[in-house]
Amino acid sequence: MSDTRPAAKLIDGKRISSEVRAEWKVRADRLCALVATPGLTVIMVGENPASGLYVRNKLRACEEMGIRSELRLYPADTPEQTVLESIRALNADPTCHGILVQLPLPPQISVRHALEAISPDKDVDGFHLYNVGGLITGETVFPPCTPYGVMMLLDRTGIPVTGQNVTIVGASNIVGKPMGLMFLQREATVAICHVKTRDLTQYTIAADILVVAAGQPNLVTGPMVRTGAVVIDVGINRLPDGSLIGDVDFDSVSRKASYITPVPGGVGPMTVTMLLCNTVAAAERSYAQLKAA
Ligand code: NAD
């Protein structure tokens, strides 16, 4: 009889996320005791149900961490100018350390204008061009939360990155591309694949570390993965029955991989956690600058 037990060890995003949050809560508490409470403001325009759920999760997580959070909810027809003025006022507000503009935005508001209006010192999502450009030189103030969370999962699991062959499936501005630059900064050898990549398997099979962020359920299957590879599934896909699955066929891939992240419970919890860390880091930087002035 063949052995059908999964070979891969699970990378438990919930557990690692709790550990990271506990460590950063100590830093948040220290700031509260010494100077002031770290503060995050979320700007949301219109009531997209999925965005609403994400925002509520972020605000609840802030409360648990001891971060003061505020939601500025604008009607869907709010002019761009109003949102930009609100962001500029927050840039000048010393009690606000992090500003997050929840995407998507309605069509009359340019995503680029909104993101560029945020001060890079308060850009805790890491989407401002300054922070994006810093990924090239390794000087990013705030790394984007999902790739930062993936790196944290690997580091906390003790998986070496330097010198490894890394393949990323997905080349979006928020996940795939910054992920690739972060691996390159750590001296991994990186291939970034996308929807036009010919023969995807040629790249996935070569990977010591495979990160999949394509938004395509079960895109990566066992035969596409090298035996012993580390597989990180960023994808979140909702099935008609309401359940969530990733981009990786967990059953077949977990029999080939050495480590694998589950969906849910893998990368997902880390994304919000890294937002909290970036916000506390923003408050720490702000007070360090005040002290130095
Ligand atoms: P996106 O739609 O912006 O980009 C998808 C990328 O995948 C594109 O570069 C596209 O070319 C590539 N792609 C699509 N189909 C492909 C295929 N068949 N072969 C190879 N490449 C293909 O998506 P995104 O915002 O980067 O998100 C990707 C996935 O990650 C989604 O499922 C999203 O829900 C999830 N996500 C999860 C988190 C988290 O916290 N876990 C955070 C962000 C995004």
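The values are calculated or read from the model by the stated rules, or taken from the named source; none is laboratory data. Since this is a predicted model, take the numbers as computed values, not measurements. Positions of Cβ are generated from backbone atoms using ideal geometry, with glycine treated the same way; all protein chains shown enter the neighbour counts. What goes into the accessible areas is simple: the full protein's heavy atoms, side chains included, and nothing from ligands, DNA or RNA. Shrake-Rupley method; radii C 1.70, N 1.55, O 1.52, S 1.80 Å.
List of remarks:
- Test: residue in the stretch 91-108 that is surrounded by 15 or more Cβ atoms within 10 Å (Cβ to Cβ) and more than 16 Å from His128 (Cβ to Cβ): yes
- Test: residue in the stretch 239-251 that is open to solvent by less than 50 Å² (accessible area, probe 1.4 Å) and more than 16 Å from the ligand (Cβ to nearest atom): no
- Extreme residue, nearest to the ligand (Cβ to nearest atom), among residues of the stretch 227-238 that are surrounded by 12 or more Cβ atoms within 10 Å (Cβ to Cβ) and part of a strand (DSSP E or B): Asn237
- For the criterion of being surrounded by 19 or more Cβ atoms within 10 Å (Cβ to Cβ) and either part of a helix (DSSP H, G or I) or of a type in the set (A, V, I, L, M, F, W, C) (or both), Val20 passes.
- Beta carbons closer than 7 Å, at least 6 apart along the sequence or on distinct chains, pair a first residue in the stretch 77-91 that is closer than 15 Å to Pro104 by Cα with a second that is in a helix (DSSP H, G or I) and open to solvent by 40 Å² or more (accessible area, probe 1.4 Å) for Glu80/His113.
- Of the residues making up the stretch 25-46, those that are open to solvent by 10 Å² or more (accessible area, probe 1.4 Å), hydrophobic (A, V, I, L, M, F, W, C) and in a helix (DSSP H, G or I) are Val26, Leu31, Cys32, Ala33, Leu34.
- Cβ separations smaller than 9 Å between residues 6+ apart or across chains give the following pairs from the stretch 231-250 residues that are within 18 Å of Ala7 (Cβ to Cβ) to residues that are basic (Lys, Arg) and modelled with pLDDT of 95 or more: Val231/Lys256.
- The stretch 215-226, subset in a loop (DSSP other than H, G, I, E, B) and surrounded by fewer than 24 Cβ atoms within 10 Å (Cβ to Cβ), residue farthest from the chain's Cα centre (by Cα): Arg226
- Sole residue being within 16 Å of the ligand (Cβ to nearest atom), among the acidic types (Asp, Glu) and crowded, with 18+ Cβ neighbours inside 10 Å, chosen from Asp121, Asp125: Asp125
- Looking across the stretch 274-293 at every residue that is of a type in the set (S, T, N, Q) and crowded, with 24+ Cβ neighbours inside 10 Å, the one that is nearest to the ligand (Cβ to nearest atom) is identified as Asn278.
- Condition check for Thr227 on (1) without any contact (Cβ under 8 Å) to a residue 24 or more places away in the chain; (2) touching a Lys or Arg at 6+ places or on another chain (Cβ under 6 Å); (3) not hydrophobic (A, V, I, L, M, F, W, C): one failure, at (1).
- Test: residue in the stretch 136-150 that is open to solvent by 50 Å² or more (accessible area, probe 1.4 Å), away from the ligand (no atom under 11 Å from the Cβ), part of a helix (DSSP H, G or I) and among the acidic types (Asp, Glu): no
- The stretch 1-17 - residue that is at pLDDT 95 or above and open to solvent by 80 Å² or more (accessible area, probe 1.4 Å) and, of those, nearest to Pro269 (Cα to Cα): Lys14
- Residue match in the stretch 66-81 (condition: of a type in the set (D, E, K, R), surrounded by 14 or more Cβ atoms within 10 Å (Cβ to Cβ) and more than 27 Å from Pro269 (Cβ to Cβ)): yes
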